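Below is one structure, written out as structure tokens, with a few remarks after it.
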Amino acid sequence: MTSRVERCSGCGRQLWLPPQAVAARCYACRSVTSFPSSSQRWAQVYGSVSQPHHNVVTTVPSNYVAADQPRPAWSPPPVYGRKKALLCGVTYNDTNYMLIGSINDVKSMWFLLVRMLGFPSDCVVILTEEEKNPYRIPTKQNIRTAMRWLAQDCQPGDSLVFHYSGHGSRQKDYNKDELDGFDETICPLDHETEGPIIDDEINATIVRPLPRGAKLHAIIDSCYSGTVLDLPFVCKINSEEYKWEDQRIPTACYKCTSGGIALSFSACSDNQTSASTSAFSGKDVTGAMTSSFIQAVKNEPCLTYGRLLTAMGDAIPSLMPNDTDVIQEPQLSASETFDIFTKQFIL
């Protein structure tokens, strides 16, 4: 009988399973991982693809047929590819903590990735409250499913992008793997009832599975987001000087990749908040971090990571209202250290 390979949600190890298996216990960490069927994956992730360009929405058929049945005119995109992205924007409509610019951030990021950087539009999954398909609303379960899709069957040479624009928070660290004693989180639409998604889970889902030769870039526009991917090294920069700070705790569990490289640009450090602004467009409200990131990538070809980080850091304070007391310093974290002023930024 042909077996299939899945990843343990706890430690990221490969699990060899029979085709019909829907759950398994990891032999190493003893975590139990559930696996949706192929049809559930297609239905949840590929119900529709919204392309935020000229207000046109293209709906992709959600029906999925077995291999021995007639093949439809459209078939789901491959579960892995050279370029693949997940874009999440949460506005929390009709709440007292509603955000205005999150969906604008997603639309801007889609345009950058698809129109300028060559990401196939059918390999970019969007979760916002504007989506008509219920599996494309940024709930906790839908974000979890989409993150699993992003990392699923990742191969050497793949380039993955995870963009999140929404609220972020912090909570007490119970497994003692954080230097500051707090886990960083992102807040799905239903976080009040279902809870946030903590950095441990984000790391286990999209960081640990990365094989050698693959890379992940995360762009996280939320408060308290400095180490929200739980990457081991954080870059501290001052003018043309920088140093990497080691976030690892010797007694904590392993939180790096399976040989690939993961990098995260975050809106601010773990103890800071992030802000929105209309200064970049003059009209539409966007996240200051997302807009400064996109502006730098568009304006300066052949950026290094150091130049991108300093360009964002220079842009954000100059565009904040004069009466704001927000201190927001964009952060770079990574699964390994490197010279940020010589390594070229490439998605």
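The values are calculated or read from the model by the stated rules, or taken from the named source; none is laboratory data. Because the structure is a prediction, the values reported are computed rather than measured. All Cβ positions, even for glycine, are placed from backbone atoms using ideal geometry, and neighbour counts span all protein chains on display. Just the protein is used for accessible areas: all its heavy atoms, side chains included, with ligands, DNA and RNA removed. Shrake-Rupley method; radii C 1.70, N 1.55, O 1.52, S 1.80 Å.
Points worth noting:
- Yes/no for Met109 being surrounded by fewer than 19 Cβ atoms within 10 Å (Cβ to Cβ) and modelled with pLDDT of 50 or more: no
- Among the residues of the range 178-200, those that are under 14 Å from His167 (Cβ atoms) and in a loop (DSSP other than H, G, I, E, B) comprise Cys187, Pro188, Leu189, Asp190, Gly195, Pro196.
- Residues of the range 112-134 that are surrounded by fewer than 16 Cβ atoms within 10 Å (Cβ to Cβ) and among the hydrophobic types (A, V, I, L, M, F, W, C): Met116, Leu117.
- Here Tyr92 passes the criteria (1) more than 20 Å from Leu216 (Cα to Cα); (2) open to solvent by 30 Å² or more (accessible area, probe 1.4 Å) except the one numbered (2).
- Residues satisfying the stated conditions in the range 316-340, i.e. at pLDDT below 90 and either surrounded by 20 or more Cβ atoms within 10 Å (Cβ to Cβ) or assigned to a helix (DSSP H, G or I) (or both): Ile316, Pro317, Ser318, Gln328
- Restricting attention to the range 179-218, the residues that are of a type outside the set (Asp, Glu), surrounded by fewer than 19 Cβ atoms within 10 Å (Cβ to Cβ) and under 22 Å from Ser274 (Cα atoms) add up to 5.
- For the range 248-269, the set of residues classified as touching a strand residue (DSSP E or B) at 6+ places or on another chain (Cβ under 6 Å) and not in a strand (DSSP E or B) consists of Gly260, Ala267, Ser269, listed by residue number.
- Within the set Gly226, Gly259, Gly287, the sole residue that is surrounded by fewer than 23 Cβ atoms within 10 Å (Cβ to Cβ) and either within 20 Å of Thr185 (Cβ to Cβ) or in contact (Cβ under 8 Å) with a residue 40 or more places away in the chain (or both) turns out to be Gly259.
- Residues that are more than 19 Å from Glu192 (Cβ to Cβ), surrounded by 19 or more Cβ atoms within 10 Å (Cβ to Cβ) and more than 14 Å from the chain's Cα centre (by Cα), drawn from the range 135-166: Tyr135, Arg136, Cys154, Asp158
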